[in-house]
Amino acid sequence: MTIEARPLCESLGAETRGVDLAGPLGEKTIAEIRRFWLQHCILLFRDVSWTTARHVAFTQRFGDLHIMPGIGHDVPTNHPEHPEIMVVSNVKRNGTPIGLRRAGWGWHSDGEDKKLPNMGSLLHALKIPPDRGDTSFANTYAAYEALPQTTRDRIEGRLGRFSRAERHEANYPNLPPLTEQEKRSRPDIWHPITRTHPETGRTALFIGRWAVEIEGIPKDEGDALIAELTAHVVKPEFTYTHRWKKGDAILWDNRCTQHRALPFDDEKYERHMQRTTLEGDTPYFVTASGKRIESFGG
Ligand code: SIN
């Protein structure tokens, strides 16, 4: 089987051809998919028709799976029979939500506020609204590489504090506030805001909507820098927006991308997606002199 990967646009992403994810896949094929994934940061597969169990089994070929913790008291996050599947959906059955509504309506990489941010995610489209409901992706290598040298010198090797407790209400206005117990279970974490990708060795900008402080920079200046960098990452020249078709599946690399779901009329239309999430490792940055700076806290 020869797999092809055709670029989706100049900034990032490729569409694969010549592989049926529902069929048997040998080690060589998985290695080839991984190679394209690392090269293009996001990989699109079309017409994927598989069972939920197969979605889980395919993702496990790339690493250990992460089980998403519940958010809020009554909001279902995961599939009842396959907890490795996060259900991103506004569908209700018998008046009860079956998944997390409005998940990811803001730029982020998965798990960026955790000690071990997630390596990757695989989102499969089961029901798509006729109008919008797209997902945008940003290439955070390209964003880093386009920074002026003065900014790079200012931020390289610095740590940023990412705080679920401080930013939950701003980032998830439709969810209940965190309980004290939930806040304790998601302590603040310091991550290098320039991050060395552990497989490609390239540097990516690692900053996002949970960042609240930059080490060694006064609060006002730090807030302005966070706002500048988060706006920079998602400039049109670093992004791709995907208009979903039923059966599309996208595997993205959280270590070098950000993404966000675009709002749609979720009172009128249904959108139903299932996502698996890969466990990650400790973010780090290797300086020009070889010093390794790692995340800490959490
Ligand atoms: C997510 O952030 O994983 C959800 C993205 C989407 O639903 O488009």
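Evaluated against (1) crowded, with 16+ Cβ neighbours inside 10 Å; (2) in contact with a strand residue (DSSP E or B) (Cβ under 9 Å, 6 or more places away or on another chain); (3) more than 20 Å from residue 251 (Cα to Cα), residue 145 falls short on exactly one condition, (1).
Here's the yes/no breakdown for (1) of a type in the set (A, V, I, L, M, F, W, C); (2) crowded, with 17+ Cβ neighbours inside 10 Å:
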residue: 97; (1), (2): no, no
residue: 104; (1), (2): no, yes
residue: 107; (1), (2): yes, yes
residue: 113; (1), (2): no, yes
residue: 130; (1), (2): no, no
residue: 136; (1), (2): no, no
residue: 139; (1), (2): no, yes
residue: 159; (1), (2): yes, yes
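Tell me, please, whether a residue that is in a strand (DSSP E or B), among the β-branched types (Val, Ile, Thr) and within 16 Å of the ligand (Cβ to nearest atom) can be found in the stretch 231-242.
Going residue by residue through the stretch 231-242, those that are in a strand (DSSP E or B) are 239-242.
Now restrict to residues that are among the β-branched types (Val, Ile, Thr): 239, 241.
Cutting the leftovers down to within 16 Å of the ligand (Cβ to nearest atom) gives us 239, 241.
Within the stretch 231-242, one or more residues are in a strand (DSSP E or B), among the β-branched types (Val, Ile, Thr) and within 16 Å of the ligand (Cβ to nearest atom).
Being under 16 Å from the mean Cα position of the chain (by Cα), surrounded by fewer than 17 Cβ atoms within 10 Å (Cβ to Cβ) and under 11 Å from residue 277 (Cβ atoms) is the requirement here; does residue 85 meet it? In short, no. Among the residues making up the stretch 75-97, those that are touching a residue at least 60 places away in the same chain (Cβ under 8 Å), part of a loop (DSSP other than H, G, I, E, B) and under 19 Å from residue 174 (Cα atoms) are 75, 90, 91. Candidates are the residues of the stretch 192-206 that are part of a loop (DSSP other than H, G, I, E, B) and either of a type in the set (D, E, K, R) or in contact with a Ser or Thr (Cβ under 6 Å, 6 or more places away or on another chain) (or both); the one that is surrounded by the fewest Cβ atoms within 10 Å (Cβ to Cβ) is 199. Could you run through the stretch 33-49 and say how many residues are in contact (Cβ under 8 Å) with a residue 12 or more places away in the chain, closer than 18 Å to residue 63 by Cβ and of a type in the set (D, E, K, R)? Number satisfying all stated conditions: 1.
Residues checked against (1) near the ligand (Cβ under 10 Å from one of its atoms); (2) not in a strand (DSSP E or B):
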site: 244; (1), (2): yes, yes
site: 247; (1), (2): no, yes
site: 251; (1), (2): no, no
site: 259; (1), (2): yes, no
site: 267; (1), (2): no, yes
site: 270; (1), (2): no, yes
site: 275; (1), (2): yes, no
site: 282; (1), (2): no, yes
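Within the stretch 113-132, the set of residues being at pLDDT below 95 and within 13 Å of the ligand (Cβ to nearest atom) comprises 132 only.
Taking the stretch 133-177 as the region of interest, the helices (runs of 4 or more DSSP H) fully inside it that hold 2 or more residues being without any contact (Cβ under 8 Å) to a residue 40 or more places away in the chain and not hydroxyl-bearing (Ser, Thr, Tyr) are 149-155, 164-171.
The values are calculated or read from the model by the stated rules, or taken from the named source; none is laboratory data. The model shown is predicted, which means the values in this text are computed figures rather than measured ones. Cβ atoms come from the backbone with ideal geometry, glycine included; neighbour counts cover every protein chain shown.
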